[in-house]
Amino acid sequence: MCGIVGCVTAGADAPRILIESLKRLEYRGYDSAGVAIIKDGAIETMREVGKLSNLESTLGNSGLMGGTGLGHTRWATHGRPTEVNAHPHRDGSGRIVVVHNGIIENFRELRKELQDAGHEFASDTDSEVIAHLVQSNFSGNLTEAVHASIQRLQGAYAIGVMHADEPELIVGARKDCPLVVGLGDGENFLASDVTAVMDQTTTVVYLDDGDIATIRRESVAIQNAQGEPVEFVPTKISWSLSQAERGGYPHFMLKEIHEQPTVISDTLLGRLDEEEGEVRLEELALSDDDIREIKRVNIIACGTSWHAGQVAKFYIEQFARIPVDVDYASELRYRSPVLEKGGLMIAISQSGETADTIAAMRMAREAGCSIVGVCNVIGSTIVRESDGTIMTHAGPEIGVASTKAFVSQLVALLLLSIKLGRVRGVLTKEDVQEHCRKIRHLPKAVESVLQTENHVRKVALKYVSAQDFLFIGRGVNYPIALEGALKLKEISYIHAEGYPAGEMKHGPIALLDEKLPVVAICTKSAIYDKIVTNVEEARVRDAKMIVIANAGDEDIKEVADDVIYVPEVDEFLSPIINVVPLQLLSYFVAHERGCDVDQPRNLAKSVTVE
Ligand code: F6R
């Protein structure tokens, strides 16, 4: 996701400082970058598509110098990754520049209003409206103009703003996106996270939602959303730089597991219209008539994304009553699938570059299907070659084992299913309103699962020497059992299998003995009693039972060796909750076994060959 840096320094070295700071944010992922420097009462901006080295050489050749500046790495959400859409963005006069991380949900409305008032826009981004808004509110005091402007913004933002009239000032503000101020000696800094400023200072102030920071060379003042001064307490950073990039977590995987509440919020952002009982998926490229005409859905994906597809089959069949086939892309492409003109294909991919998924999509295109890509990387091949897209907004996923991207796929696919169901009249407005209310609770529910981390770790330590694991689940949690098994095998190298619990008697029950840990997903559902019976059947054959159950389910302890409690949610939301303890379990088992959790042997993050 986008990264912001800024500095107010005495010398003329801002371009170098900004580039070095942006390099520290590279891990967040980006597709273009830019800087703006105040020089001789004017602002010069330079932006380049692609790697930071492109911007670095353009800056180097320009000889641009100055002490105050802003920099940005952009991970495109609104508008393609082009130079024009790269930040910083200017207002019409060119005297104000803005860098932004987040999504402004009401940018269309604001843009229209500003255009009607004579503002001319240069980019396709949501972010540019902020520069024009600040200009329209500016009457000599930049902090006041930012304060007035953010009252109009809906959505999430961290911003940095400069005005050519103020050569030693940057203003930062945030809501739902991170922003820190770095405190130096006669120089101060602004950044999306501490890693970016750690070369300059280890004393930082974390801004809270609603805060506005007025950052000058010799002083920093912070005011809250009401405009009242905030007494801030600086934090001394004790991490090393490499730890800081992982936000203090020992591995990216653990960091990404912990990011899931935020990722869910980001994937939902601007998409639930509770008042109207609607789901808004603007890039879907399917009219209501198209949706009513769909006879069958084919889902294709690989690995973890295929598990998301299996959950989506439940969702689409339940909410929209459309038959769904889910295929491994690598299988579909080498058989003769019945892909019909007018059919809908959903291609699910974190990276958007998985070779088999792309090949299967192209087959569907040949057959005349419409294609919707559910993807995390804007500008990727799958996004470019799809008719419509649902971006998952999980941010860059660095750990090879997918965690937060999977959860964001589940959320995106749930939204799609509800949309299909509403348009086809399977769901009423009231149904959707009720679903929206429940979905909004998800980030909090996942947060509370993360609080069980220490307990999950203790459970994991008991089973680190196991040679095999079985994961069982039923219904919409059967794919979660598959995902739990995949997570464990890919990072710990322990053999693990996922099974639908009702299938145990048809073969796998022969494996059970006291050496086999069985992880059973046993949260409340329409067939809860049946899975408890399956757990009992395994338990009496001496298997060690690790059970995921709902808080308050005391009876389950009688059939379990270990219970991991999660909050109770409606069954359709339970996969999004239940996968989290399984991710943690795999992480702790693998970590304890000394495995390279973030980069397991033989695996690549993006499988661009078949
Ligand atoms: C497992 C994992 C892989 C990917 C698979 C598809 O943790 O990450 O199984 O899910 O390689 O990749 P994408 O989603 O990028 O198409």
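The values are calculated or read from the model by the stated rules, or taken from the named source; none is laboratory data. Keep in mind it's a predicted model, so treat the numbers as computed, not measured. All Cβ positions, even for glycine, are placed from backbone atoms using ideal geometry, and neighbour counts span all protein chains on display. What goes into the accessible areas is simple: the full protein's heavy atoms, side chains included, and nothing from ligands, DNA or RNA. Shrake-Rupley method; radii C 1.70, N 1.55, O 1.52, S 1.80 Å.
What the phi angles of the range 189-204 give under the Karplus curve with 6.51, -1.76 and 1.60, with θ = phi - 60°, is a coupling list of 9, 9, 6, 5, 8, 5, 4, 5, 9, 5, 6, 8, 7, 10, 10, 9 Hz, glycine and proline written as x. Peptides 475-485, 330-340, 210-220, 258-268 ranked from most to least packed by the mean count of surrounding Cβ atoms within 10 Å: 475-485, 258-268, 210-220, 330-340. Relative to the longest principal axis of the Cα atoms of the chain, the long axis of helix 429-440 makes an angle of roughly 80 degrees.
Sorted largest first by accessible area at a 1.4 angstrom probe radius, with every protein chain in place, the residues His78, His89 fall in the order His78, His89. The lysine pair count for the range 246-440, using Cα distances under 25 Å and pairs eight or more places apart or on different chains, is 16.
To the nearest ten degrees, helix 14-24 and the longest principal axis of the Cα atoms of the chain are 0 degrees apart. Glu109 contributes an accessible area of around 110 Å² to the protein surface, as traced by a 1.4 Å probe with all chains present. By its C-alpha gyration tensor, with a ≥ b ≥ c as the square roots of the eigenvalues, how is the range 3-241 shaped: rounded for a/c under 1.5, else prolate for a/b larger than b/c, else oblate? In terms of gyration-tensor shape, rounded. Could you tell me what percent of the accessible area of the chain is made up of carbon and sulfur, with a 1.4 Å probe and every protein chain present? Within the chain, the accessible surface is 45 percent carbon and sulfur. Rolling a 1.4 angstrom probe over the protein heavy atoms with all chains in place gives the range 1-118 an accessible area of 36 Å² per residue.
About its Cα centre, the range 332-471 has a charge dipole of approximately 280 debye under the convention of +1 per Lys or Arg Cβ and -1 per Asp or Glu Cβ, with nothing else charged.
Between Gly498 and Phe471, the built amide H atoms are under 5 Å apart, and every one of these is 5 or more places off in sequence or on another chain. The alpha-carbon atoms of the range 71-174, seen along their principal axes, cover 33, 30, 23 angstrom, with the largest extent given first. At a probe radius of 1.4 angstrom, the accessible area of the range 443-597 per residue rounds to 39 square angstrom. Computed over the chain, the convex hull of the alpha-carbon atoms projects to a mean area of 28.0 nm².
To the nearest ten degrees, helix 52-62 and the longest principal axis of the Cα atoms of the chain are 10 degrees apart. Taken along the Cα-to-beta-carbon direction at a fixed 7 Å, the label points for Arg437 and Glu514 span 5.1 nm. Calculated mean residue ellipticity, 222 nm, the chain: -10500 deg cm²/dmol, from DSSP H runs (n ≥ 4) at -39500 (n - 2.57) each, averaged per residue and rounded to 500. Note that the range 246-440 presents 36 Å² accessible area per residue, ligands and nucleic acids not counted, probe 1.4 Å. Rolled with a 1.4 Å probe across the full set of protein chains, the surface gives Lys295 an accessible area near 140 Å². Let me make sure I get this right: for the range 536-583, a, b and c are the square roots of the gyration tensor eigenvalues over alpha carbons, sorted descending. Under 1.5 in a/c it's rounded, otherwise prolate if a/b > b/c, else oblate. Which is it? The shape class here is prolate. From the alpha carbon centroid of the range 397-431 to that of the range 527-574 is 26 Å.
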